[in-house]
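Since every read-out is calculated from the coordinates, none of them should be taken as a lab result. Everything quoted here is computed from the prediction, not taken from an experiment. Note: ideal-geometry Cβ built from the backbone for every residue, glycine included; neighbour counts use all protein chains shown.
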Amino acid sequence: MAQVTMTVNGKAASGTVEGRTLLSSFLRETLDLTGTHVGCDTSQCGACVVHVDGVAVKSCTMLAAEADGADVATIEGQAAPDGTLNTIQQAFQDHHGLQCGFCTPGMVMTTAALLKDNPKPSEQEIRVHLEGNICRCTGYHNIIKAIYAASGQDVAALGAD
Amino acid sequence: MYNFEFEKPSSIADAVAALGGDEAQALGGGQTLIPTLKQRLASPTTLVSLSNIPEMQGICTGDDGALCIGGATTHGAVASGAGAYPGLAALAGHIGDPAVRNRGTIGGSLANNDPSACYPAAALASGATLVTNTREIASDDYFVGMFETALEEGEIVTEVRFPIPQASHYEKFVQPASRFALVGVMVAKFADGVRVAITGASEEGVFRWAEAETALSVNFSPDALDGLTLDADNMIGDLHGSKEYRAHLCGVIAKRAVAKAA
C-alpha cells in the first residue's frame, strides 16, 4: 500500500492505494467521485475519460499510483459550483447529445480536450476524435451536433456537404 | 488483476536496478500491459514505471540527421512532434484513439511487438536503431517473432533512432472491431533503396517484403508491384480474414502506401 496525493478538480486529494488500484477505482471508490463511469474496463468505450495534467486519458487503464502528484480533472469539476452547466454540458442537453447518459461524462471530457487543442473542429475532425468513445444510444449525430454547437459553430451547416 | 508493488524511478539506472528484482516488469504507458494484467495473463511482483524518466522523453535530431525519440515518448507526442518525418508522425497519430495516444509509448509498443501493432512496421521499414540501456540493436535484428524481440530480461528501449526517408507512407487496413491493423504496410524510400515492412499479416510478426523492395527500388510506383504475391502459408488466418485474404491484402495495401508516399 502506498499513499498518493493529487489535485482533483482543483482540490487536494489523497488516499492509500495498492499497486494495482486503477485511477478510475481511486476516483470512484476512495474519493466518491462516481461521475467517472466504468463501462467496458478494457479501454474501448471511453466512459472513464478524465484529464491528467491537461490531457485526456482512460482512467480504467492508468494506475492511481501513476497519477501521484498529478492535476486531475473529472466531470464533477465541469459545472460551476452552483450547478450551472458549462458550455459543453449545456450543448449536450440542448442538442439531445445523450439518452441514457452513461457515456456522457467521457464524451464531455473528451470534447473538452478536443476543443482545447482545436477550438473550431470540422464535423470530420469531431468524428475522428471520438474514435475512443462509444455511445450505444444516440447514433452519435446529436453528439456531433452538441460538440459543433459547443465550439460556437452553426449546427445548421452540419451535413451540408 | 493480481496485486504488485509499484515503483517509479526517475533515471534509467534506477529503473534497470529495480527491474533486476525477481519477477519485475517494466511499465510503459500501460495501454496493453494493464489490460493484460486485468486478464491475469501476467502477474509481476513489481511494476517499474518508465513514465518519470526525463532522459527517455522527447524528440530530437541526431548528428547524423536521424530522428531520435525517447522510449517513453507517447504516441501523441510523436504525432505532434515528429514533423521532420511526416510518415512516422502520421502513423503515430492513428494508433488507437486520442486518449490511448496520450498514454501509450513508442518503447512500450516496440518492446511488446504485438503482431498487429503499427510501430514495428515503422521501425523495420525505416531501418531504425533501437537503443537500450546496454546496446544498440538494428531493427533487422530486433524483431524475432510474434510478441518476441531481441530484448533480454530487464532490458529497456531507451531511445529509437529513425533515419528519415525521402518519401514514406504507412497505410493501415483496420480490423473493424479492434481498430488494430488487419494489415499495415510502411514503405520508406531512401537514396540507396526502398524498404517495405508489413504488420498485422504474419504469424511471425512484422516482416520485410524483399521482392517488393527490389521492384520498388527500380521503379517507385504502385505498378511495380503488379504480379508480386506473398506466400499465404505463414499468414494469420482467423475469423477476421483467411491466410489467403491477408496475403492478397498485403499487395493491395502496399500499392496504396506507395501511391500515397510523400
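Here are the numbers for this structure:
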item: Candidates A:Val108, A:Val17, A:Val38, ranked by Gaussian network fluctuation over chain A, Cα under 10 Å, top entry; result: A:Val17
item: Fully extended contour minus Cα-Cα distance, from B:Ser11 to B:Ala84, at 0.36 nm per residue; result: 23.5 nm
item: Chain B, relative contact order [Cα under 8 Å, separation at least 6], %; result: 15
item: Rg/Rg_ref, segment A:90-151, where Rg_ref = 2.2 N^0.38 Å and atoms are Cα; result: 0.97
item: Cα-Cα separations in segment B:50-121 greater than 13 Å, expressed as whole percent; result: 63
item: Kirkwood-based Rg to Rh ratio, segment B:13-102, C-alpha trace; result: 1.04
item: Packing-based ranking, highest mean first, of B:202-211, B:120-129 given that Cβ atoms within 10 Å are counted; result: B:120-129, B:202-211
item: Label-to-label distance, nm, for residues given as A:Asp71 and B:Thr214 (7 Å Cα→Cβ offset); result: 5.8
item: Distance between segment A:25-46 and segment B:127-148 - C-alpha centres, whole angstrom; result: 37
item: When segment A:1-104 is reduced to its Cα atoms, the Kirkwood hydrodynamic radius in Å; result: 14.2
item: Relative contact order, percent, segment B:167-260 [alpha-carbon distance under 8 Å, six or more residues apart]; result: 29
item: From phi via Karplus (6.51, -1.76, 1.60), per-residue ³J(HN,Hα) for segment A:28-40 in Hz, x at Gly/Pro; result: 7, 9, 8, 8, 6, 8, 8, x, 6, 9, 10, x, 9
item: Whole-Å semi-axes of chain B's equivalent ellipsoid (Cα gyration tensor); result: 31, 21, 15
item: Per-selection Kirkwood Rh - segment B:167-260 (Cα, Å, 1 d.p.); result: 13.1
item: 10 Å binning of all Cα-Cα separations within the protein assembly as shown, expressed as whole percents from 0 upward; result: 5, 21, 29, 26, 15, 4, 0
item: From the C-alpha gyration tensor of segment A:58-161, square roots of 5λ in Å; result: 24, 15, 14
item: Two-site label geometry, B:Glu55 and B:Asp22: point separation in nm, points 7 Å out along Cα→Cβ; result: 2.9
item: Pairs of Lys in the protein assembly as shown closer than 15 Å at Cα, counting only those 8 or more apart or on different chains; result: 6
item: DSSP H segments from chain B that extend 24 Å or more along their own axis, Cα-based, with Kyte-Doolittle mean of -1.0 or above; result: B:243-260
